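**Q** Before I ask anything, here is the structure I am working with.
The values are calculated or read from the model by the stated rules, or taken from the named source; none is laboratory data. Source: prediction; values computed, not measured. In this analysis, Cβ positions are derived from the backbone assuming ideal geometry, glycine residues included, and neighbour counts consider all displayed protein chains.
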Amino acid sequence: MDRATAVSLAEWLIRAEVEKREVTRITERYPELTVEDAYQIQEVLVGKKLEQGYRIVGPKMGLTSRAKMKQMNVDEPIYGFIFDYMVVSGGEISFRDLIHPKVEAEIAFVLGRDVEGPGVTGAQVLAATAHVMPALEIIDSRYERFHFTLPDVIADNASSSRVVFGTTLKRPDELELDLVGVTLSINGELKEMGAGAAVLGHPANSVAMLANMLARKGLKLKAGQTILTGGITGAVMLQPGDVVSARLDGLGSVGFLVR
Ligand code: OOG
Ligand code: MG
């Protein structure tokens, strides 16, 4: 894909986000779009946000659990980038700022040291991790009806929109992260449940895979970055007025209100 096309598609996706409206997926117009093209579009999109003065909190992984892959009908993990403006403070998100948001429960890693692929293992990630914490990611695909193919969702920065972090920080050796049970409730009603192992057998494997994917681009994970490892269960549609809460065994709870 030529650079001019990648730039215009990245700008088009940014406009959809800013104007809060869904757009036709890219592969309707460009059925030949490859994963490589899609990461090129994402790279331009990320570069434009950096130019606008936003800062990267960390990369994130997506589609790392079978539940998510099945729900979205895409069978490969992907990455995207979380920016500072996406981090929710004050425990509320505004429905009007978003298109058709969904929520998913995740485990986040904060790195104490750089992690550089290739060949990174989950054990190496755990050794480099300062702490882990619970997170709720609010995803908001810019595509109509939240429908996309693998290249579409990669170009769209992996549907990244908002994230709420919990306040319980644990060192990764204080818990068996694969065995951490997770419940996701909305308005007190249990919607989804799972365990850390749903994410590639262990959430640290997700960070390792991310480091190895980034290595192909000459990038690495940096000390201080916060990394989302991917939804443990399927994502749940949000409505105004929803009170969302997730509980993670040993990691406390995290929640927010949809205004
Ligand atoms: C893509 C983003 C996936 C996750 O945790 O699996 C993701 C989507 O489902 O829209 O963030
Ligand atoms: Mg996610």
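**Q** Within the stretch 52-77, which residues are within 11 Å of ligand 2 (Cβ to nearest atom), assigned to a strand (DSSP E or B) and among the hydrophobic types (A, V, I, L, M, F, W, C)?
**A** Here is the first cut: in the stretch 52-77, the ones within 11 Å of ligand 2 (Cβ to nearest atom) are 60-65, 68, 72, 77.
Those left that are additionally assigned to a strand (DSSP E or B): 60-62, 65.
Residue satisfying the conditions is Met61 alone.
**Q** Additional query: Tell me, please, whether a residue that is assigned to a loop (DSSP other than H, G, I, E, B), in contact (Cβ under 8 Å) with a residue 12 or more places away in the chain, within 16 Å of ligand 2 (Cβ to nearest atom) and touching a Pro at 6+ places or on another chain (Cβ under 6 Å) can be found in the stretch 78-94. So that I can check it myself, show each step before the final result.
**A** If we filter the stretch 78-94 for residues that are assigned to a loop (DSSP other than H, G, I, E, B), which is where we start, we get 88-91, 94.
Going one step further and asking which of them are in contact (Cβ under 8 Å) with a residue 12 or more places away in the chain, we end up with 88, 91, 94.
This time we only want the ones that are within 16 Å of ligand 2 (Cβ to nearest atom), so: 88.
Restricting the remaining residues to those that are touching a Pro at 6+ places or on another chain (Cβ under 6 Å) gives none.
No: zero hits.
**Q** Which of (1) over 17 Å from the mean Cα position of the chain (by Cα); (2) within 19 Å of Gly58 (Cβ to Cβ); (3) among the hydrophobic types (A, V, I, L, M, F, W, C) is the odd one out, the single condition Ala195 does not satisfy?
**A** Unmet for Ala195, out of (1) over 17 Å from the mean Cα position of the chain (by Cα); (2) within 19 Å of Gly58 (Cβ to Cβ); (3) among the hydrophobic types (A, V, I, L, M, F, W, C): (2).
**Q** Could you list all residues from the stretch 55-68 that are farther than 16 Å from His202 by Cα and aliphatic (A, V, I, L, M)? Step through it out loud before you land on a result.
**A** Pass one, the stretch 55-68, residues farther than 16 Å from His202 by Cα: 55-59.
Ile56, Val57 - these are the residues of the stretch 55-68 that are farther than 16 Å from His202 by Cα and aliphatic (A, V, I, L, M).
**Q** Pick from Leu238, Leu221, Leu228: which is more than 16 Å from ligand 2 (Cβ to nearest atom) and buried (at least 18 other Cβ atoms within 10 Å of the Cβ)? Can you show your working first?
**A** Details: Leu238 fails: more than 16 Å from ligand 2 (Cβ to nearest atom); Leu228 fails: more than 16 Å from ligand 2 (Cβ to nearest atom).
The match here is Leu221.
**Q** Only one of (1) at positive phi; (2) within 12 Å of ligand 1 (Cβ to nearest atom) fails for Gly80. Which number is that?
**A** Evaluating Gly80 over (1) at positive phi; (2) within 12 Å of ligand 1 (Cβ to nearest atom) leaves (1) as the failure.
**Q** For residues that are charged (D, E, K, R) and either part of a strand (DSSP E or B) or at pLDDT below 95 (or both), tally how many sit in the stretch 244-259.
**A** Let us first name the residues in the stretch 244-259 that are charged (D, E, K, R), namely 247, 249, 259.
Filter once more, so that each one left must be either part of a strand (DSSP E or B) or at pLDDT below 95 (or both): 247.
Summing the residues that are charged (D, E, K, R) and either part of a strand (DSSP E or B) or at pLDDT below 95 (or both) in the stretch 244-259 gives 1.
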